[in-house]
Amino acid sequence: MVLRFVCSLLLAASLWCAPCSASAAENFRVPILLYHRFGPTVADGMTVTTPVFESQMKYLHDNGYTVIPLRRLVDHYRGLAPAPKPKSVVIVADDGHKSVYGYMLPVIRKYGYPVTIFAYPSAISNAKYAMTWDQLRELKKTGLFDIQSHTYWHPNFKKDRKKLSSEAYDKFVTTQLVKSKVKLDSELGTKVDLLAWPFGIYDDYLIKKAVEAGYVASFTIERRHATPRDPVMKLPRYLLVNADSGKAFAQLLEGNAVKRNVVY
(Lines give C-alpha, C1' and ligand atoms only; values in the text may rest on other atoms or scores of the structure.)
Protein backbone atom coordinates (compact mmCIF):
# COMPACT_ATOMS: atom_id res chain seq x y z
CA MET A 1 0.00 0.00 0.00
CA VAL A 2 2.80 2.38 0.98
CA LEU A 3 4.74 1.46 -2.16
CA ARG A 4 1.70 2.17 -4.33
CA PHE A 5 1.25 5.57 -2.65
CA VAL A 6 4.92 6.48 -3.21
CA CYS A 7 4.71 5.43 -6.84
CA SER A 8 1.61 7.58 -7.29
CA LEU A 9 3.44 10.58 -5.84
CA LEU A 10 6.43 10.02 -8.11
CA LEU A 11 4.18 9.73 -11.16
CA ALA A 12 2.33 12.92 -10.25
CA ALA A 13 5.61 14.74 -9.71
CA SER A 14 6.97 13.59 -13.07
CA LEU A 15 3.82 14.68 -14.87
CA TRP A 16 3.94 18.08 -13.14
CA CYS A 17 7.64 18.69 -13.80
CA ALA A 18 7.76 17.55 -17.43
CA PRO A 19 5.68 20.43 -18.83
CA CYS A 20 7.67 22.90 -16.74
CA SER A 21 10.95 21.70 -18.21
CA ALA A 22 9.56 21.67 -21.73
CA SER A 23 8.08 25.14 -21.27
CA ALA A 24 11.38 26.55 -20.04
CA ALA A 25 13.20 25.08 -23.03
CA GLU A 26 10.59 26.33 -25.47
CA ASN A 27 11.09 29.91 -24.38
CA PHE A 28 14.67 30.43 -25.55
CA ARG A 29 15.29 32.77 -28.47
CA VAL A 30 18.91 33.30 -29.53
CA PRO A 31 20.02 35.80 -32.19
CA ILE A 32 22.98 34.57 -34.24
CA LEU A 33 24.76 37.72 -35.43
CA LEU A 34 26.43 37.23 -38.82
CA TYR A 35 29.21 39.54 -39.99
CA HIS A 36 31.26 39.53 -43.19
CA ARG A 37 33.63 42.49 -43.52
CA PHE A 38 34.89 45.34 -41.36
CA GLY A 39 36.74 48.60 -41.97
CA PRO A 40 36.96 52.34 -41.29
CA THR A 41 34.41 53.09 -44.02
CA VAL A 42 31.55 51.26 -45.74
CA ALA A 43 33.16 49.61 -48.75
CA ASP A 44 30.10 47.57 -49.73
CA GLY A 45 26.69 46.46 -48.49
CA MET A 46 28.11 43.96 -46.02
CA THR A 47 30.83 46.09 -44.46
CA VAL A 48 30.29 47.03 -40.83
CA THR A 49 32.53 49.91 -39.79
CA THR A 50 34.80 49.41 -36.82
CA PRO A 51 33.07 52.12 -34.70
CA VAL A 52 29.67 50.52 -35.32
CA PHE A 53 30.97 47.05 -34.50
CA GLU A 54 32.62 48.34 -31.33
CA SER A 55 29.36 50.04 -30.31
CA GLN A 56 27.42 46.81 -30.88
CA MET A 57 29.81 44.78 -28.72
CA LYS A 58 29.68 47.47 -26.03
CA TYR A 59 25.89 47.40 -26.13
CA LEU A 60 25.92 43.65 -25.51
CA HIS A 61 28.34 44.13 -22.61
CA ASP A 62 26.48 47.04 -21.03
CA ASN A 63 22.98 45.57 -21.34
CA GLY A 64 23.40 42.17 -19.75
CA TYR A 65 23.78 39.99 -22.83
CA THR A 66 25.93 36.86 -22.72
CA VAL A 67 27.80 35.88 -25.87
CA ILE A 68 27.96 32.08 -26.00
CA PRO A 69 29.94 29.88 -28.41
CA LEU A 70 27.94 28.67 -31.40
CA ARG A 71 28.95 25.15 -30.43
CA ARG A 72 27.09 25.46 -27.14
CA LEU A 73 23.87 26.35 -28.96
CA VAL A 74 24.33 23.48 -31.41
CA ASP A 75 25.00 21.08 -28.55
CA HIS A 76 21.65 22.01 -27.03
CA TYR A 77 19.83 21.20 -30.27
CA ARG A 78 21.65 17.85 -30.28
CA GLY A 79 20.62 17.10 -26.70
CA LEU A 80 24.15 17.53 -25.33
CA ALA A 81 23.76 20.77 -23.36
CA PRO A 82 21.07 22.69 -21.47
CA ALA A 83 19.00 25.38 -23.15
CA PRO A 84 20.73 28.77 -23.48
CA LYS A 85 19.88 31.28 -20.79
CA PRO A 86 17.85 34.44 -21.50
CA LYS A 87 19.75 37.19 -23.34
CA SER A 88 22.20 34.74 -24.91
CA VAL A 89 23.76 35.84 -28.22
CA VAL A 90 26.01 34.12 -30.78
CA ILE A 91 28.56 35.87 -33.04
CA VAL A 92 29.76 34.43 -36.36
CA ALA A 93 31.59 35.71 -39.45
CA ASP A 94 31.39 34.27 -42.96
CA ASP A 95 34.05 34.05 -45.70
CA GLY A 96 37.37 34.57 -43.87
CA HIS A 97 37.92 38.16 -45.01
CA LYS A 98 41.24 39.71 -43.91
CA SER A 99 39.36 42.50 -42.13
CA VAL A 100 38.29 39.92 -39.54
CA TYR A 101 41.95 39.68 -38.54
CA GLY A 102 42.67 43.40 -38.90
CA TYR A 103 39.54 44.99 -37.43
CA MET A 104 37.35 42.40 -35.72
CA LEU A 105 40.07 40.67 -33.70
CA PRO A 106 41.08 43.67 -31.53
CA VAL A 107 37.47 44.32 -30.52
CA ILE A 108 36.79 40.66 -29.81
CA ARG A 109 39.94 40.46 -27.69
CA LYS A 110 38.79 43.49 -25.72
CA TYR A 111 35.48 41.87 -24.77
CA GLY A 112 36.58 38.24 -24.76
CA TYR A 113 33.63 37.10 -26.86
CA PRO A 114 33.66 33.72 -28.65
CA VAL A 115 33.30 33.83 -32.45
CA THR A 116 32.81 31.16 -35.11
CA ILE A 117 34.31 31.85 -38.55
CA PHE A 118 32.86 30.06 -41.57
CA ALA A 119 35.66 30.05 -44.15
CA TYR A 120 35.92 28.69 -47.67
CA PRO A 121 39.46 27.28 -48.01
CA SER A 122 40.01 28.05 -51.71
CA ALA A 123 40.37 31.74 -50.84
CA ILE A 124 42.62 31.39 -47.79
CA SER A 125 46.22 32.42 -48.59
CA ASN A 126 45.12 32.82 -52.23
CA ALA A 127 42.67 35.71 -52.63
CA LYS A 128 43.85 39.24 -51.82
CA TYR A 129 40.75 39.90 -49.74
CA ALA A 130 41.15 36.77 -47.58
CA MET A 131 43.14 35.87 -44.51
CA THR A 132 46.14 33.56 -44.64
CA TRP A 133 46.34 30.17 -42.98
CA ASP A 134 48.79 31.62 -40.46
CA GLN A 135 46.29 34.32 -39.54
CA LEU A 136 43.57 31.73 -39.05
CA ARG A 137 45.93 29.72 -36.87
CA GLU A 138 46.62 32.82 -34.80
CA LEU A 139 42.90 33.42 -34.35
CA LYS A 140 42.43 29.83 -33.25
CA LYS A 141 45.27 30.14 -30.72
CA THR A 142 43.46 32.99 -28.95
CA GLY A 143 40.89 30.45 -27.78
CA LEU A 144 38.13 32.82 -28.89
CA PHE A 145 37.74 31.71 -32.51
CA ASP A 146 36.40 28.45 -33.92
CA ILE A 147 36.88 27.86 -37.67
CA GLN A 148 34.15 26.00 -39.57
CA SER A 149 33.09 25.34 -43.17
CA HIS A 150 31.52 27.63 -45.77
CA THR A 151 32.03 24.98 -48.51
CA TYR A 152 35.25 24.86 -50.54
CA TRP A 153 34.83 27.85 -52.86
CA HIS A 154 31.45 29.45 -52.00
CA PRO A 155 29.41 28.18 -54.99
CA ASN A 156 25.93 29.27 -55.98
CA PHE A 157 24.20 25.90 -55.81
CA LYS A 158 21.11 27.16 -57.66
CA LYS A 159 23.14 28.18 -60.70
CA ASP A 160 25.34 25.09 -60.61
CA ARG A 161 22.33 22.78 -60.48
CA LYS A 162 21.01 24.29 -63.71
CA LYS A 163 24.35 23.90 -65.51
CA LEU A 164 25.27 20.36 -64.46
CA SER A 165 23.82 16.92 -65.01
CA SER A 166 22.36 15.16 -61.96
CA GLU A 167 25.42 12.96 -61.63
CA ALA A 168 27.86 15.83 -62.08
CA TYR A 169 25.94 18.02 -59.64
CA ASP A 170 25.93 15.26 -57.03
CA LYS A 171 29.70 14.90 -57.34
CA PHE A 172 30.17 18.68 -57.27
CA VAL A 173 28.17 19.09 -54.04
CA THR A 174 30.04 16.25 -52.35
CA THR A 175 33.36 17.82 -53.32
CA GLN A 176 32.35 21.24 -51.98
CA LEU A 177 31.24 19.79 -48.65
CA VAL A 178 33.96 17.20 -48.08
CA LYS A 179 37.01 19.00 -49.52
CA SER A 180 36.35 21.99 -47.27
CA LYS A 181 36.30 19.80 -44.16
CA VAL A 182 39.46 17.96 -45.16
CA LYS A 183 41.41 21.14 -45.91
CA LEU A 184 40.36 22.95 -42.74
CA ASP A 185 41.07 19.87 -40.64
CA SER A 186 44.55 19.41 -42.13
CA GLU A 187 45.56 23.08 -41.91
CA LEU A 188 44.10 23.93 -38.51
CA GLY A 189 43.72 20.62 -36.71
CA THR A 190 40.17 21.54 -35.83
CA LYS A 191 36.92 19.58 -35.68
CA VAL A 192 34.88 20.75 -38.67
CA ASP A 193 31.23 19.70 -38.53
CA LEU A 194 29.32 22.99 -38.84
CA LEU A 195 28.35 24.47 -42.21
CA ALA A 196 27.15 27.90 -43.35
CA TRP A 197 25.29 27.74 -46.68
CA PRO A 198 26.79 30.09 -49.33
CA PHE A 199 24.30 32.84 -50.23
CA GLY A 200 21.93 31.15 -47.77
CA ILE A 201 20.99 28.64 -50.49
CA TYR A 202 19.86 25.23 -49.27
CA ASP A 203 17.21 22.58 -49.91
CA ASP A 204 16.37 19.10 -48.67
CA TYR A 205 18.82 17.49 -51.09
CA LEU A 206 21.71 19.72 -49.97
CA ILE A 207 20.90 19.12 -46.32
CA LYS A 208 20.91 15.37 -46.93
CA LYS A 209 24.33 15.66 -48.60
CA ALA A 210 25.63 17.76 -45.70
CA VAL A 211 24.54 15.16 -43.16
CA GLU A 212 26.19 12.42 -45.24
CA ALA A 213 29.40 14.50 -45.29
CA GLY A 214 29.47 14.60 -41.49
CA TYR A 215 27.97 18.00 -40.68
CA VAL A 216 25.81 18.10 -37.54
CA ALA A 217 24.38 21.61 -38.02
CA SER A 218 24.03 24.13 -40.83
CA PHE A 219 23.07 27.79 -41.02
CA THR A 220 20.95 30.02 -43.24
CA ILE A 221 20.57 33.80 -43.51
CA GLU A 222 16.92 33.96 -42.48
CA ARG A 223 16.63 37.12 -40.40
CA ARG A 224 15.21 35.92 -37.08
CA HIS A 225 16.12 34.37 -33.74
CA ALA A 226 16.94 30.68 -33.40
CA THR A 227 14.26 28.90 -31.35
CA PRO A 228 13.53 25.31 -30.26
CA ARG A 229 11.24 24.96 -33.29
CA ASP A 230 14.16 25.30 -35.74
CA PRO A 231 15.76 22.13 -37.15
CA VAL A 232 19.46 21.97 -36.35
CA MET A 233 20.27 21.83 -40.08
CA LYS A 234 18.34 25.07 -40.79
CA LEU A 235 19.34 27.49 -38.05
CA PRO A 236 18.68 31.16 -38.92
CA ARG A 237 21.14 34.06 -38.68
CA TYR A 238 20.90 37.84 -38.87
CA LEU A 239 23.14 39.18 -41.65
CA LEU A 240 24.43 42.43 -40.11
CA VAL A 241 24.95 45.60 -42.14
CA ASN A 242 26.26 48.97 -41.03
CA ALA A 243 22.72 50.33 -40.62
CA ASP A 244 22.09 47.79 -37.85
CA SER A 245 23.41 50.17 -35.23
CA GLY A 246 22.01 52.10 -32.30
CA LYS A 247 18.25 51.65 -31.95
CA ALA A 248 18.14 49.24 -34.92
CA PHE A 249 20.63 46.93 -33.19
CA ALA A 250 18.64 47.00 -29.95
CA GLN A 251 15.45 46.17 -31.89
CA LEU A 252 17.20 43.29 -33.63
CA LEU A 253 18.27 41.77 -30.33
CA GLU A 254 14.68 42.02 -29.10
CA GLY A 255 13.39 40.22 -32.19
CA ASN A 256 12.01 43.28 -33.99
CA ALA A 257 14.71 43.66 -36.65
CA VAL A 258 14.34 46.10 -39.50
CA LYS A 259 13.90 44.28 -42.81
CA ARG A 260 16.97 44.46 -45.06
CA ASN A 261 17.53 43.63 -48.71
CA VAL A 262 21.21 42.71 -48.71
CA VAL A 263 22.94 42.00 -52.02
CA TYR A 264 26.03 39.77 -52.00
Could you check how many percent of all C-alpha pairs in the range 148-264 are farther apart than 17 Å?
60
Amide H within-cut-off set for TYR152, under 5 Å, with H built and near neighbours excluded
SER180
Given a 1.4 Å probe and every protein chain left where it sits, what share in percent of the accessible area of the range 119-251 is carbon and sulfur?
53
Cα-Cα over 24 Å, subset of LYS85/LYS208; LYS141/LYS183; LYS58/LYS191; LYS179/LYS234; LYS110/LYS259:
LYS85/LYS208; LYS58/LYS191; LYS110/LYS259
Residues with amide H under 5 Å of ALA130's amide H, sequence separation 5 or more or different chain, H placed in the peptide plane at 1.01 Å from N; which?
LYS98
What are the residues whose amide H is under 5 Å from the amide H of ILE147, where those residues sit 5 or more places off or on another chain and H is modelled from the backbone?
ILE117
Here the net charge surrounding ALA93, from other residues whose Cβ is less than 14 Å away from its Cβ (Lys, Arg +1; Asp, Glu -1), is +1
Using a 1.4 angstrom probe with every protein chain in place, what is the largest-first accessible-area order of MET131, MET233?
MET233, MET131
Solvent-accessible area of ARG260 with every protein chain in place, 1.4 Å probe, in Å² to the nearest 10:
70
Can you run phi through the Karplus equation (6.51, -1.76, 1.60; θ = phi - 60°) for the range 177-186 and list ³J(HN,Hα) in whole Hz, with x for Gly and Pro?
7, 7, 4, 5, 4, 4, 5, 5, 4, 5
Of LEU194, LEU252, LEU164, the most mobile residue in a GNM of the chain (C-alpha springs, cutoff 10 Å) is LEU164
Cα gyration tensor of the range 70-205, axes a ≥ b ≥ c as square roots of the eigenvalues: rounded (a/c below 1.5), prolate (a/b > b/c) or oblate?
oblate
Between SER125, SER149, SER186, find the one with the highest GNM mean-square fluctuation for the chain; connect C-alpha pairs within less than 10 Å.
SER186
Taking Rh as the Kirkwood radius computed over C-alpha pairs, what is the Stokes-Einstein D of the chain at 25 °C in a medium of viscosity 0.890 mPa s, expressed in µm² per second?
125
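For HIS154, HIS61, give me the order by solvent-accessible area with a 1.4 Å probe, most accessible first, ignoring ligands, DNA and RNA.
Heavy-atom accessible area, descending, gives HIS61, HIS154.
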Separation between Cα centres of the range 111-134 and the range 215-255, rounded to whole Å:
21
How large is ³J(HN,Hα) for each residue in the range 98-111, as worked out from phi by the Karplus curve 6.51 cos²θ - 1.76 cosθ + 1.60 (θ = phi - 60°), to whole Hz, x for Gly and Pro?
4, 5, 5, 6, x, 10, 6, 3, x, 5, 4, 4, 4, 9
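Per residue, how many Å² of accessible area does the range 125-188 show with a 1.4 Å probe?
57
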To the nearest 10 square angstrom, how much accessible area does ASP204 have with a 1.4 angstrom probe?
110
Karplus 3J(HN,Hα) series, Hz, for the range 189-201 with 6.51 cos²θ - 1.76 cosθ + 1.60 (x for Gly, Pro):
x, 10, 8, 9, 9, 10, 9, 9, 6, x, 6, x, 8
Nearest 10 degrees is fine. How inclined is helix 2-26 to the longest principal axis of the chain, computing both from alpha carbons?
30
By the scheme Lys and Arg +1, Asp and Glu -1, what is the net charge of all other residues having a beta-carbon under 11 Å from that of ARG260?
+1
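The values are calculated or read from the model by the stated rules, or taken from the named source; none is laboratory data. None of these values were measured; they are calculated from a predicted model. No Cβ is skipped: glycine too gets one built from the backbone with ideal geometry, and neighbour counts run over all protein chains shown. Surface areas here come from the heavy atoms of the whole protein model, side chains and all, with no ligands, DNA or RNA. Shrake-Rupley method; radii C 1.70, N 1.55, O 1.52, S 1.80 Å.
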